[in-house]
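Participant: My questions will all concern the structure given below.
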Amino acid sequence: MESTEKDVVILAVESSCDETAAAVVKNGREVLSNIISSQIELHTQYGGVVPEIASRKHIEKINQVMEEALSEAHMTLDEMDAIAVTYGPGLVGALLVGVAAAKAVAYAAGKPLIGVHHIEGHISANYIENKELKPPFLCLVVSGGHTHLVRVEDYGVYKIVGRTRDDAAGEAFDKVARAIGLGYPGGPKIEKVSREGNADAIVFPRAKIAENPYDFSFSGVKSAVLNFINGCKMKDIPVVQADVAASFQKAVTDVLIEHAMMAVKEFQIDKFAIAGGVASNNTLRTGMQEACKKAGVEFYYPSPVFCTDNAAMIGTAAYYEYLAGRRDGWDLNAVPNLKLGER
């Protein structure tokens, strides 16, 4: 991204769940370093993220990942124009670690502080590798904690078109994976097993919300899977794990694609992006790509490393906040249930 003005370089921090991450991002689109310390192995034995353990691990790792990010970018803290951090939504203890660290560093170095919304970060991940992508566009954010269909009207300007009424898509993947004996994390494990299965073996329900056709509900399909497994056990019928996984995955991705294409048609927007951890699911990507091609819509998605939680996406979102003149005070706090578009 060429500019006659001075480059803007931001040190970004992300600690909203179970990844401790820091990155250095130049001009919003160039990632100079992207350090991620994952806790997946630690939480796998518990079948999901344990907030208390996540917070303790963040405390251990946060300074280390920030130092590594600066070192890999061959830059010093003095050369940063701002310090950015995810302040919500997420696990409150986990968020607090990142916010406290970013505030301390910004204060000590005399740098401006920018609080970033986690979902805004996921959406902005699409700018990193798609240099030509500019708003307006539609974006489907699908992760362990969120399922949002968003109209990106401008940088930092969002309108939520639809959201989940209960479980997020990623949460449903985790719960179903546990039920069929795959364990945590559910998304990648279900995707892998599904390759061996028949996606049309079992027809699981696709929920529709009367008041808002763009809203999602995944608790029904999750319950249907559990009922199916229990029914098989009672009748002494063997459960074909791969068929259940593939059929469940199809039920979820069908709904996501259907809602996305409905929005594309209604709002007549010719650019569509996906983001969040579940956006790295190959079945979803391929299905969405085909649907967009059919509708004559440009399709964008980040590489898997930028789909899961990372700090590069936070640095990208922060760059546009920085240009808009947003600065936060030392009273910036973690907001675990922060809504998109709130300040």
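Participant: If a residue has to be closer than 14 Å to Ile119 by Cα and either in a loop (DSSP other than H, G, I, E, B) or of a type in the set (Gly, Ala, Ser) (or both) to count, how many in the stretch 307-343 make the cut?
Facilitator: Result for the stretch 307-343: 17.
Participant: Given the conditions (1) touching an Asp or Glu at 6+ places or on another chain (Cβ under 6 Å); (2) more than 23 Å from Lys159 (Cβ to Cβ), and given that Ala317 satisfies all but one, which numbered condition is not satisfied?
Facilitator: (2)
Participant: Here is a follow-up. In the stretch 284-324, how many residues are assigned by TED's automatic domain parsing to the domain that holds Arg29 and without any contact (Cβ under 8 Å) to a residue 24 or more places away in the chain?
Facilitator: So the answer is 0.
This table checks each residue for (1) at pLDDT 95 or above; (2) over 26 Å from Met75 (Cα atoms).
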| residue | (1), (2) |
| --- | --- |
| Gly98 | yes, no |
| Ala104 | yes, no |
| Gly110 | yes, no |
| Ile114 | yes, no |
| Gly121 | yes, no |
| Ser143 | no, yes |
| His146 | no, yes |
| Glu153 | yes, yes |
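Participant: Also: Look through the stretch 291-306, keep the residues that are touching a helix residue (DSSP H, G or I) at 6+ places or on another chain (Cβ under 9 Å) and part of a helix (DSSP H, G or I), and return whichever of them is surrounded by the most Cβ atoms within 10 Å (Cβ to Cβ). Break it down into steps so the answer makes sense when it comes.
Facilitator: So the first thing to find is which residues in the stretch 291-306 are touching a helix residue (DSSP H, G or I) at 6+ places or on another chain (Cβ under 9 Å), and the list is 291-292, 294-295, 297-306.
Checking which are part of a helix (DSSP H, G or I) leaves us with 291-292, 294-295, 304-306.
On the way: Ala291: 18, Cys292: 22, Lys294: 9, Ala295: 14, Pro304: 14, Val305: 14, Phe306: 25.
Within the stretch 291-306, the match that is surrounded by the most Cβ atoms within 10 Å (Cβ to Cβ) is Phe306.
Participant: Output yes when any residue across the stretch 268-290 is of a type in the set (Gly, Ala, Ser), at pLDDT 95 or above and surrounded by fewer than 22 Cβ atoms within 10 Å (Cβ to Cβ), and no when none is.
Facilitator: Step one: of the stretch 268-290, the residues of a type in the set (Gly, Ala, Ser) are 273, 275-277, 279-280, 287.
Those left that are additionally at pLDDT 95 or above: 273, 275, 287.
Subsequent filtering for residues that are surrounded by fewer than 22 Cβ atoms within 10 Å (Cβ to Cβ) retains 287.
Yes, some residue in the stretch 268-290 is of a type in the set (Gly, Ala, Ser), at pLDDT 95 or above and surrounded by fewer than 22 Cβ atoms within 10 Å (Cβ to Cβ).
Participant: Is it true that Lys111 is part of a loop (DSSP other than H, G, I, E, B), in contact with a Leu (Cβ under 8 Å, 6 or more places away or on another chain) and basic (Lys, Arg)?
Facilitator: On the way: part of a loop (DSSP other than H, G, I, E, B): yes; in contact with a Leu (Cβ under 8 Å, 6 or more places away or on another chain): yes; basic (Lys, Arg): yes.
Judged against the criteria, Lys111 is a match.
Participant: Another question, then. Out of all the residues in the stretch 129-164, which are buried (at least 24 other Cβ atoms within 10 Å of the Cβ) and either of a type in the set (Val, Ile, Thr) or free of Cβ contacts under 8 Å to residues at least 60 places away in the same chain (or both)?
Facilitator: Within the stretch 129-164, Val141, Val142, Thr147, Val150 qualify.
Participant: Residue check, Ala207 against (1) within 24 Å of the chain's Cα centre (by Cα); (2) buried (at least 18 other Cβ atoms within 10 Å of the Cβ); (3) hydrophobic (A, V, I, L, M, F, W, C), all met but one. Which one?
Facilitator: Against the list (1) within 24 Å of the chain's Cα centre (by Cα); (2) buried (at least 18 other Cβ atoms within 10 Å of the Cβ); (3) hydrophobic (A, V, I, L, M, F, W, C), Ala207 comes up short only on (2).
The values are calculated or read from the model by the stated rules, or taken from the named source; none is laboratory data. Predicted, not measured: the structure shown is a model, and the values here were computed from it. Because the Cβ atoms are built from the backbone with ideal geometry, glycine has one as well, and the counts that use them run over all protein chains shown.
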